[in-house]
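Trainee: To start, I am sharing the structure in question, which I have written as C-alpha cells.
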Amino acid sequence: MYDSDRVSDNSERTAFRRAEKKYKLYYNDSKPSKRQKQPRPVDLSEVVDFKLVLESFHQNGETPPGIFKLQCDFNRPVFCFEDRPGFYFIPGALSIEEQCHWIRESLTSFPQPPNRTNHNEIYGPIHDLFFSAQKQKVLVAGENLDRDTDSGVHKVDACKWKFSEIPIEMSRGDSCTSIAGSNLLRKLRWSTLGLQFDWSKVDDPLGVTLLILNANIFIVKSVGKKSPPNISSHSIFQRNYNISLPHNKIPETLCELSTRMAAPAMPMGKEFQPEAAIVNYFGLGDMLGGHLDDMEADWTKPIVSMSLGCKAIFLLGGKSREDLPVAMFLRSGDIVLMAGEARECFHGVPRIFTDKENAEVTPLSLQLSHQDDLCFMEYIRTSRININIRQVF
C-alpha cells in the first residue's frame, strides 16, 4: 500500500509531491521555544469542502462544477468527481455517538493482541496499551526468550516486555530497558483487524528488505543483489495477507456498518464482505505519503474509509504521480469509498489540523466530557484516526 516519495529523487518534481509539500505542516523560520512554534500559513482556497457542498445541495439542489450527486437509493447524499470514477464521498455519514464509539474501540480494543500493531516488530504483543498509558505505566524489558516470528519479533535479542507501575532501573549485568506507555501510545501508528498483514517490513524477491515507517519506505538491507532504479512497492512487490496469523474477527457492528456504507460503490447485486481492516493513528505533524491500495484481489470492491477526530486534508491524484491531485477536507464522521478505477489512483493525507481553530473537534469534546471519557477526549483533540475496511478476496 505505502509507496514513499523518498524512494526516488524524481518524485520531488511530481505534481503529487508538490501538492503534499504545499499542504504539509511547516513552521516559521524563527526558533522560539517548542510551545511557541507557529505553523506557517497555508493557502486552503483550492481545497474542496464537502460540508459546504452538502449545505449548498440541501439549499438549492446544486453542486459545484466537476462534482455531482450520485443517483442511488442510499439514505443520504453521496458525492462524486466527474473525472475520478470510483471515488465516493459521504459527508457526515456517522453520528456523533457512532464517532465516539469507534474512537473508544480504536484506542482500547483494536490494538489488543492477537491483532498486530507497528509496535510488534520491537516489543511483541502489547496488552492494554491505552489504559496503561493513562495509568502512567512503563513497559519494561524482562528476560530474553525465543519468540516465533508470527508474534512480530525476531528470535534474535527478543525480550519479554510487560507493563510496570514504576520504572525499573538498569539491573547489574543485564540490559533491561523501559519506555513510558504514554510514549508508546503517541507512537502508535497502525493496528489491524481481521486478516492480518505486517505493515512494518516487506521482503521482496530481489533480496531487498524494506522497512515501512509512517507511510515511508526505506531500503534497509540488500543481500547480494543490486536495487533497481526508481524502486516501487506497487510495481515490483507482490504482497499478500497472511491468513495463518492469529487474529480477532472484525466486530459484527463494524461489519454491518461498512457493508451498509459500501453499498453505493458495490457492483449491482453484490454485497460487501469485510475481511480485514487497518486502523491508522495520526498525531501532530504526521502525514500519510502518496500511495496505492493494491493488495486485495478484486479492485471492484471498495475500500471503506472512516475518519475520526481532527480535520485533515486528503489528496486524490490519478494513476500517475504526474497527475495533479484534488485536495479536500476530511472531517470526523466523513466516509470515503474507493473502488474500480479509483483504486489505481495515488492518494494520501499530507496534513491534519490539531489547533483549536481548525481541528473542528468541539462536538466530540462535548460528547466525551463525562469523567470516564476524558482520557479519550484528551487524545482525540490533537489526533486523527482512520479506519479502512477491505474485502480481501
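Just so you know, all these numbers are worked out from the coordinates, no wet-lab data involved. The structure presented is a predicted model; accordingly, all values stated were derived computationally and were not measured. Cβ placement follows ideal geometry from the backbone for every residue including glycine, while neighbour counts extend to all protein chains displayed.
Trainee: Could you tell me the distance between the Cα centroids of segment 316-393 and segment 239-265, to the nearest Å?
Mentor: 19
Trainee: What pairs in 137/162; 162/187; 270/301; 249/311; 311/356; 137/249 have C-alpha atoms more than 19 Å from each other?
Mentor: On the way: 137/162 10 Å; 162/187 17 Å; 270/301 9 Å; 249/311 29 Å; 311/356 11 Å; 137/249 28 Å.
Exceeds cut-off: 249/311; 137/249.
Trainee: For the ranges 243-253, 268-278, what's the packing order if you count other beta-carbon atoms within 10 Å of each residue, average per peptide, and put the highest first? Can you show the working numbers first?
Mentor: Values: 243-253: 13.7, 268-278: 16.4.
Going from most to least packed, we get 268-278, 243-253.
Trainee: If you count, for each residue, the other Cβ atoms within 10 Å and average over each peptide, how do 99-105, 77-83, 39-45, 302-308 line up from highest to lowest?
Mentor: Details: 99-105: 20.7, 77-83: 17.1, 39-45: 11.3, 302-308: 26.6.
So the peptides 99-105, 77-83, 39-45, 302-308, ranked by packing, come out 302-308, 99-105, 77-83, 39-45.
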